[in-house]
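Pasting a structure here, questions to come.
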């Protein structure tokens, strides 16, 4: 298995958070490598068009569109890398913190391993691998695992169904989505590089000190 944390190379807050994620992996025997995030400076509109993905699929009221596209493309790039190999990937966003070792239980394609980071959610009813239960879509894309076959399916379906990363991973599109309970990671976030204020209000860590920063 390979593990990556998506961090913004030229943003100090993101780098510090990514380093904390890497350190949390070290504590639990997981070698997490830094993956330099795609940002609005990389022209995500052109990048999406080259992948056959309509940029208008990311027009929504909760996020800054270019930032949302760039975040999706960071995940998409890792999916392509995973899908061309033979090993599953664990993928983390910079605000993720690993609390326990990564599960070794077999899973099918894509499995959430992170505690929900926003809004209301349902508690899985059994220990170990469950069908996605917390929500009908991923409760944040801050911590999950993907097999090469699952990665290929995520890439293949993106031109038709792409949306912000967590919402893209939806049972209506991918009925085989899973999650592991208890969760092994959580989002320790005090800032966002993607959402506008409206998109932050449901975050569990949101308060009057929560920052919306530009990248």
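In the list 86, 104, which residue meets the criterion of being loosely packed, with under 15 Cβ neighbours inside 10 Å, without any contact (Cβ under 8 Å) to a residue 12 or more places away in the chain and closer than 22 Å to residue 146 by Cβ?
It is 104.
Which of (1) surrounded by fewer than 24 Cβ atoms within 10 Å (Cβ to Cβ); (2) in contact with a strand residue (DSSP E or B) (Cβ under 9 Å, 6 or more places away or on another chain) does residue 142 not meet, given it meets every other one?
(1)
Let me ask something additional. Collect the residues in the stretch 192-210 that are without any contact (Cβ under 8 Å) to a residue 40 or more places away in the chain and in a strand (DSSP E or B), keeping them in residue-number order.
Across the stretch 192-210, the qualifying residue is only 192.
Under the condition of being assigned to a loop (DSSP other than H, G, I, E, B) and without any contact (Cβ under 8 Å) to a residue 24 or more places away in the chain, which residue from the stretch 136-176 is farthest from residue 77 (Cα to Cα)?
The qualifying residue farthest from residue 77 (Cα to Cα) is 175.
Just the residues that are surrounded by 15 or more Cβ atoms within 10 Å (Cβ to Cβ) and farther than 23 Å from residue 197 by Cα, please, taken from the stretch 115-139.
Passing the criteria: 124, 129, 130, 132, 133, 134.
Taking the options 38, 32, 53, name whichever one is in contact with a helix residue (DSSP H, G or I) (Cβ under 9 Å, 6 or more places away or on another chain), farther than 23 Å from residue 205 by Cα and free of Cβ contacts under 8 Å to residues at least 60 places away in the same chain.
Just a single option satisfies the conditions, and that option is 38.
Every number in this text was worked out from the coordinates using simple rules, so none of it is lab data. None of the values given here were measured: they were computed from a predicted structure. FYI the Cβ positions are ideal-geometry reconstructions off the backbone, even for glycines, and counts take in every protein chain you see.
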